[in-house]
Amino acid sequence: MFSDTHAHVYYLSDSEIRRIPEEGLDFVLSPGENLDTSLKCVQLAHTYDYIYAAVGVHPSYAASVTREELERTARLLNEEKVIAVGEVGLDAKYVRLPSDWERQKKVFSYFLDLAREHNVPLTIHSGRSFKDVIDMVLQADVTPIFHWFSGPPSYALQALDAGAYFSLGPAILYHDSYVALVDVLPLDRILLETDTPVRFKGEKARPWWVKRVAQRIAEIKKIDLHVVEEKTRKNVLDVFGV
């Protein structure tokens, strides 16, 4: 069976959600972007047996999130089927004022601490901030999952030393720059994702696109698709216990 470790399922229709197991997936992790969407992820996880939730605050919301919202989001980690923190991290794209960057770092640090306290992994956004994110992760005793990592392979190798996993998505179908990343990553540190509903070539990604992603990984690594399917599903079990 296939798995999607990063899909914002709350953007999908009921019929699309019900289609997921019909397409050969038995695990989808839906990460929140703020308190509201984290609540939606939890509700979906309670409704569908193949959906699990991650809760967190995306860096685009870090500058405006309140202390109460952070605390309410943190409490969701006590809910059934909430198995990770996410989507959290840093991204210089969302810095408008000098204070915004420091705020992002404080919010990210808050969730790093939560992940360690609850002994759950984090799905991490690291756009335009690879070094800063890796530096913070190296100081935390956590299991990081780098979502849609687009940094240089040298940074990826550094993150591997910290026990990191990498969730690879549809970007590897369209950008040759990801070939080098796939080359350096061992298969036992690779997870599949789609970042549903992000658009690629004008088409919105859906969870079953992980089969295309797996096929591309198999081509790059010159192995059978079935090997990628089985190994990435085992990695899900190793990371999330599901």
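Nothing in this text is a laboratory measurement; each read-out follows from the coordinates by a stated rule. Since the model is a prediction, treat every value here as computed from it, not as a measurement. With ideal geometry, Cβ positions are generated from the backbone for all residues, glycine too; neighbour counts draw on all protein chains shown.
Which one of Ala7, Ala54 is in contact with a Gly (Cβ under 8 Å, 6 or more places away or on another chain) and under 20 Å from Asn235 (Cβ atoms)?
Of the residues listed, the single one that is in contact with a Gly (Cβ under 8 Å, 6 or more places away or on another chain) and under 20 Å from Asn235 (Cβ atoms) is Ala54.
Go through region 149-170 and give me each residue that's in contact with a Phe, Trp or Tyr (Cβ under 6 Å, 6 or more places away or on another chain) and closer than 15 Å to Asp195 by Cα.
Matches in region 149-170: Phe149, Phe166, Gly169, Pro170.
From the residues in region 49-69 that are in contact (Cβ under 8 Å) with a residue 24 or more places away in the chain and more than 19 Å from the chain's Cα centre (by Cα), which one is nearest to Ser38 (Cα to Cα)?
So, considering only residues that are in contact (Cβ under 8 Å) with a residue 24 or more places away in the chain and more than 19 Å from the chain's Cα centre (by Cα), the one nearest to Ser38 (Cα to Cα) is Glu69.
Answer yes if at least one residue in region 110-128 is in a helix (DSSP H, G or I), on the phi < 0 side of the Ramachandran plot and acidic (Asp, Glu), and no otherwise.
Yes.
Is it the case that region 84-95 has a residue that's in a helix (DSSP H, G or I), in contact with a Pro (Cβ under 8 Å, 6 or more places away or on another chain) and closer than 24 Å to Pro207 by Cβ?
Among the residues of region 84-95, not one is in a helix (DSSP H, G or I), in contact with a Pro (Cβ under 8 Å, 6 or more places away or on another chain) and closer than 24 Å to Pro207 by Cβ, which makes the answer no.
Quick one: in region 122-134, which of the residues that are hydroxyl-bearing (Ser, Thr, Tyr) and within 15 Å of the chain's Cα centre (by Cα) is surrounded by the fewest Cβ atoms within 10 Å (Cβ to Cβ)?
That would be Ser126.
Let me spell it out: the conditions are (1) assigned to a helix (DSSP H, G or I); (2) touching a residue at least 40 places away in the same chain (Cβ under 8 Å), and Lys131 meets all of them except one. Which number is the exception?
With (1) assigned to a helix (DSSP H, G or I); (2) touching a residue at least 40 places away in the same chain (Cβ under 8 Å) applied to Lys131, the lone miss is (2).
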